[in-house]
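Colleague: The following block contains the structure, expressed as structure tokens.
The values are calculated or read from the model by the stated rules, or taken from the named source; none is laboratory data. All values derive from a computational prediction rather than experimental measurement. Cβ sites come from the backbone with ideal geometry, for glycine too, and all protein chains shown count toward neighbours. SASA here: full protein model, heavy atoms, side chains in, ligands and nucleic acids out. Shrake-Rupley method; radii C 1.70, N 1.55, O 1.52, S 1.80 Å.
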Amino acid sequence: MRLLRDLGFERVYFVLCNPGYPTFSNPLLCLHPPDRAGFENHAFRSLVALGDPNFVYVHECHRHGMEAFAVLKPYEGGGGSTVPHGARLDFASMREETIGGERIGFDALLSRRPDLRVQRKPIPDYERLLAQPVTAISICFCLDEIPGIQPAREGRELAPAGFKLFVSDDNGRYVPYDGPCSISDTMERRSIADANGTPLFSTPRDCRVVTFSNLKISASARYFAILIDAGERLFTIPQSMIVLHGPEGDIPSTATAQVRAGGNGIEAKKPPEERTWGMEQMPRILKDAEQAATEFSTWGFEFDWHGSGFWGPGWQDACVYGIARGKNLWMKGTPCEAYAEVREYWSDWVQKCVEMGYDGVDIRLQNHSGMVSDYADYGYNEPLVEAYQKLHGVDILTSQADPLELMAIRGDFFTEFVVEAAEILHAAGRQLQVHLRHCHEAPRLSSDFNELGFWAMPKVWLRDWRRIVDLADEITLKDYHFNVYNHQVAAGIKEYARSKGKRVWVHCYISQGRELNEPFLRKVEADANVSGVLLYEVAHSDNNEVNFGLIEQHGPVGYNVPAATELKRLLELFGYR
């Protein structure tokens with residue numbers, strides 16, 4: 001706090017720890033016992049030394065004469081990661097059986113009431129299809145041009161490649177499949193769609209189709225892996241181009257390229273059956289066949305991490321893919337706003353922020369707990385089904401729903417919470433700030449960055465964003481610009497907020513966007529509808545570079561000198577305060 005005050009800042013935003021300390025963006029960040037050998041995590045020791053970090057933030061901030069705003073992430077319910085079935089953990093916390101193993105790290109609400117999460121649309125005849133033996137597994141690779149990813153292919157010869165099949169009972173240890181098997185490798189014309197069934201090309205494409213057939217894999221086998229050793233990059237969308245086949249039809253399944261990665265050097269050396277899990281780092285996509293062969297078999301896979309992928313419809317060129325029998329029946333750790341209990345839980349959290357002394361609350365939709373690839377199939381909780389039928393006379397359990405309309409109905413329920421939050425804060429003389437994006441003004445059914453289906457969004461459309469602006473005192477625009485500021489992004493929101501006398505903030509992404517520089521800030525300055533810039537990820541430093549954070553967190557507490565030097569120069573240049 002002293003460092004920030006010395007730079008002249010008057011307000012600091014704190015992303016609060018949700019009740020129950022759920023997993024955020026990384027299993028590594030969970031609470032773990034102090035002095036765990038092979039593992040550096042000081043959270044437990046910090047809690048003992050300081051007490052509630054949420055209160056410590058506001059107290060220390062006020063002690064240095066600055067405003068403290070609490071960033072609340074209502075949809076950050078945890079549960080983004082899994083451990084293998086039956087894995088050993090440090091704590092006997094709530095564990096949910098799911099694809100990939102057991103989901104862990106939920107917040108206080110979902111640990112008690114996991115049934116309050118956003119629900120998947122029921123799949124007709126799901127249990128019968130799921131219980132089939134596996135007779136074949138196919139994987140399809142696009143050989144034609146993929147804009148921005150792969151140029152048009154020359155010739156029709158298929159380069160030699162090796163394909164091996166593995167199986168697992170627990171998604172912790174994989175062993176080679178040793179039963180009967182025939183492998184075909186052919187070129188075919190195929191229509192290609194993303195995980196939500198949206199066609200990606202207007203016509204069929206040339207594809208390489210590899211099929212493991214004549215398999216005899218019992219219905220009890222839950223997990224499979226395909227290891228690839230090819231002399232060229234082979235692109236597929238795992239969620240839509242890898243299929244389990246049974247004697248009575250395709251088996252509901254989920255595929256991924258994300259391999260778990262160990263975060264504790266000592267535990268990583270143990271066999272998976274003896275290992276204490278829950279200390280993993282973010283999963284990785286392995287693109288070296290030799291590395292993939294040695295790593296995935298004792299770690300397993302994380303399914304639907306980053307949804308279809310960190311960016312776009314989900315194209316991958318990995319050397320190993322995992323396949324789980326079944327689908328995610330819940331949106332991981334995403335609470336459903338249509339339940340009064342959920343909105344009351346959130347409102348109580350706002351009240352606690354008031355009582356702790358925060359000067360304002362900034363409500364952020366973005367989170368790490370709703371990572372699903374086929375996002376258009378979620379939002380089928382009973383209150384949402386009833387609301388859709390009341391508005392449109394359509395039973396979405398038996399008829400096709402408009403995904404954007406379903407997102408809008410969810411947004412209407414979320415707005416009820418924002419109304420309550422505004423009443424609580426304004427009655428106490430505090431301020432409300434809300435995060436909005438261009439996608440609320442101009443929605444598209446897409447998983448691209450900044451869109452409603454982006455992996456870090458809860459798949460909620462605030463269709464009545466003007467009412468949100470009216471309720472709020474200030475607005476944050478959370479759109480990523482990636483160092484190319486576009487004043488047309490969220491122009492309607494900015495103009496409306498300005499007409500109502502509401503301050504509008506634009507995010508400067510120090511690490512993710514590389515935006516701490518004069519050209520970017522000059523473009524923001526030229527936007528008459530923007531009132532200020534929020535520096536994001538100030539404590540994200542792991543390199544001695546300008547764009548890796550402001551406050552050093554991997555050594556003695558202090559400035560990341562290049563970033564601090566540049567920031568001081570920019571503050572003086574633009575006269576910011």
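Colleague: Show the residue pairs meeting these rules: Cβ distance below 7 Å; 6+ apart or different chains; first residue within the stretch 285-314 and in the same structural domain as VAL167 (by the TED database) and closer than 22 Å to GLY80 by Cβ; second residue charged (D, E, K, R) and not in a loop (DSSP other than H, G, I, E, B).
Modeller: Going by the 7 Å Cβ cut-off, the qualifying pairs are LEU286/GLU295; TRP299/ARG260; GLY300/ARG260; PHE301/ARG260; GLU302/ARG260.
Colleague: Among what's in the stretch 339-378 and is in contact with a helix residue (DSSP H, G or I) (Cβ under 6 Å, 6 or more places away or on another chain) and open to solvent by less than 10 Å² (accessible area, probe 1.4 Å), pick the residue that is farthest from HIS59 (Cα to Cα).
Modeller: Checked the stretch 339-378; the qualifying residue farthest from HIS59 (Cα to Cα) is SER373.
Colleague: Considering only the stretch 189-198, how many residues are free of Cβ contacts under 8 Å to residues at least 24 places away in the same chain and either outside the structural domain of ALA318 (by the TED database) or in a strand (DSSP E or B) (or both)?
Modeller: 1
Colleague: Can you name the condition, by its number, that MET282 falls short on among (1) open to solvent by 30 Å² or more (accessible area, probe 1.4 Å); (2) modelled with pLDDT under 95; (3) assigned to a loop (DSSP other than H, G, I, E, B)?
Modeller: (3)
Colleague: Looking at the structure I just gave you, is ARG444 assigned by the TED database to the domain that holds VAL372, without any contact (Cβ under 8 Å) to a residue 12 or more places away in the chain and of a type in the set (D, E, K, R)?
Modeller: Yes: the conditions hold for ARG444.
Colleague: Kindly indicate whether LEU384 is over 17 Å from ASP470 (Cβ atoms) and either open to solvent by 50 Å² or more (accessible area, probe 1.4 Å) or assigned to a helix (DSSP H, G or I) (or both).
Modeller: yes
Colleague: Next question, about the same structure. Which members of the stretch 451-490 meet the condition of being open to solvent by 10 Å² or more (accessible area, probe 1.4 Å), in a loop (DSSP other than H, G, I, E, B) and under 21 Å from ARG430 (Cα atoms)?
Modeller: Selection gives ASP473 alone.
Colleague: Of the numbered conditions (1) surrounded by 19 or more Cβ atoms within 10 Å (Cβ to Cβ); (2) of a type outside the set (A, V, I, L, M); (3) out of contact with any His (no Cβ under 9 Å at 6 or more places or on another chain), PRO124 fails exactly one; give the number of that condition.
Modeller: (1)
Colleague: Just the residues that are modelled with pLDDT of 95 or more, of a type in the set (S, T, N, Q) and either open to solvent by less than 10 Å² (accessible area, probe 1.4 Å) or touching a Gly at 6+ places or on another chain (Cβ under 6 Å) (or both), please, taken from the stretch 291-330.
Modeller: Residue satisfying the conditions is ASN328 alone.
Colleague: How many of the residues making up the stretch 345-365 are part of a loop (DSSP other than H, G, I, E, B) and touching a strand residue (DSSP E or B) at 6+ places or on another chain (Cβ under 7 Å)?
Modeller: Here the count works out to 4.
Colleague: Return yes when SER184 is assigned by the TED database to the domain that holds ASP169, assigned to a loop (DSSP other than H, G, I, E, B), modelled with pLDDT of 95 or more and not acidic (Asp, Glu) and no when it is not.
Modeller: no
Colleague: Another question, if that's okay. How many residues does the stretch 194-225 contain that are within 19 Å of ALA152 (Cα to Cα) and open to solvent by less than 30 Å² (accessible area, probe 1.4 Å)?
Modeller: Qualifying residue count for the region: 4.
Colleague: Among the residues of the stretch 247-277, write down those that are under 20 Å from ASN328 (Cα atoms), open to solvent by less than 60 Å² (accessible area, probe 1.4 Å) and not hydroxyl-bearing (Ser, Thr, Tyr).
Modeller: GLY249, ILE251, PRO252, ALA255, ALA257, GLN258, VAL259, ARG260 - these are the residues of the stretch 247-277 that are under 20 Å from ASN328 (Cα atoms), open to solvent by less than 60 Å² (accessible area, probe 1.4 Å) and not hydroxyl-bearing (Ser, Thr, Tyr).
Colleague: I'd like to verify a number: residues in the stretch 416-450 that are modelled with pLDDT under 95 and buried (at least 22 other Cβ atoms within 10 Å of the Cβ), how many?
Modeller: The total comes to 1.
Colleague: Name the single residue, out of those in the stretch 159-176 being in contact with an Asp or Glu (Cβ under 9 Å, 6 or more places away or on another chain) and open to solvent by 50 Å² or more (accessible area, probe 1.4 Å), that is farthest from VAL210 (Cα to Cα).
Modeller: Looking at the filtered set, the residue picked out is ARG173.
Colleague: Also, I was wondering about something else. Could you identify the single residue in PRO74, PRO27, PRO53, PRO34 that is under 22 Å from THR256 (Cβ atoms) and either crowded, with 20+ Cβ neighbours inside 10 Å or more than 22 Å from the chain's Cα centre (by Cα) (or both)?
Modeller: PRO27
Colleague: Further question: Looking at (1) at positive phi; (2) in contact (Cβ under 8 Å) with a residue 24 or more places away in the chain, can you tell me which one GLY429 breaks?
Modeller: The single condition GLY429 does not satisfy is (2).
Colleague: Then there is this: Out of the residues in the stretch 387-397 meeting the condition of being touching a helix residue (DSSP H, G or I) at 6+ places or on another chain (Cβ under 8 Å) and open to solvent by 10 Å² or more (accessible area, probe 1.4 Å), tell me which one is nearest to GLY197 (Cα to Cα).
Modeller: LEU397
Colleague: Under 6 Å between Cβ atoms, at least 6 apart or on separate chains: pull out the pairs that start in the stretch 27-45 with a residue that is in a helix (DSSP H, G or I) and end on any residue that is surrounded by fewer than 16 Cβ atoms within 10 Å (Cβ to Cβ).
Modeller: Between residues of the stretch 27-45 that are in a helix (DSSP H, G or I) and residues that are surrounded by fewer than 16 Cβ atoms within 10 Å (Cβ to Cβ), the close pairs are LEU28/GLN281; PHE44/PRO34; ARG45/PRO34.
Colleague: While we're on this one: Using the structure shown, decide if GLN400 is open to solvent by 10 Å² or more (accessible area, probe 1.4 Å), under 18 Å from the mean Cα position of the chain (by Cα) and among the polar types (S, T, N, Q).
Modeller: Against the criterion (open to solvent by 10 Å² or more (accessible area, probe 1.4 Å), under 18 Å from the mean Cα position of the chain (by Cα) and among the polar types (S, T, N, Q)), GLN400 does not qualify.
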